[in-house]
Amino acid sequence: MVRKRLVDHNALVQAVETGLTKQELMHQFGYKTVGALKIAYLNALMALDKVPAVNGKRREKKVDNVVGINSRGSLVIPKKLVDALGLDKKILFRVVKDGTDLALKAKSRPPKTILRKKSR
């Protein structure tokens, strides 16, 4: 893996602003390719707050929300949709019919009670 070259950001930005050619900049700062010089210049501009930093966050992927009914008549929710909604396997839903539409309403599971026989 190539180690990052330590460069004085102010010196690089000033050298570019004075109008030095790419070859002179590469020789002065020790870069072998124009691409490496451009990346170093962009990093220097970001470090000096002359340009905003690049936002590296990715957009959330769209999840297909088509639900089906299997041969047993059970409603099947795709795993990607379950993961995207953060649903737990233990969650219960109440189905509400509104005309021809159905709505799923989350319902909390009642606490489990364990009955034990009295020992004599």
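The values are calculated or read from the model by the stated rules, or taken from the named source; none is laboratory data. All figures in this text were calculated on a predicted structure; none of them were measured in a lab. Positions of Cβ are backbone-derived with ideal geometry, glycine not excepted, and every protein chain shown enters the neighbour counts.
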| query | in contact with a Pro (Cβ under 8 Å, 6 or more places away or on another chain), surrounded by 10 or more Cβ atoms within 10 Å (Cβ to Cβ), modelled with pLDDT of 85 or more and farther than 30 Å from Ala106 by Cβ, is that true of Met26? | reply | no
| task | Kindly establish whether Leu45 is outside any loop (DSSP other than H, G, I, E, B) and closer than 30 Å to Asp8 by Cβ. | result | yes
| task | List the number of the failed condition for Ile69; all other conditions in (1) in contact with a strand residue (DSSP E or B) (Cβ under 7 Å, 6 or more places away or on another chain); (2) surrounded by 10 or more Cβ atoms within 10 Å (Cβ to Cβ); (3) among the aliphatic types (A, V, I, L, M) hold. | result | (2)
| query | For Ala53, are the conditions met, namely being of a type in the set (Gly, Ala, Ser) and surrounded by 12 or more Cβ atoms within 10 Å (Cβ to Cβ)? | reply | no
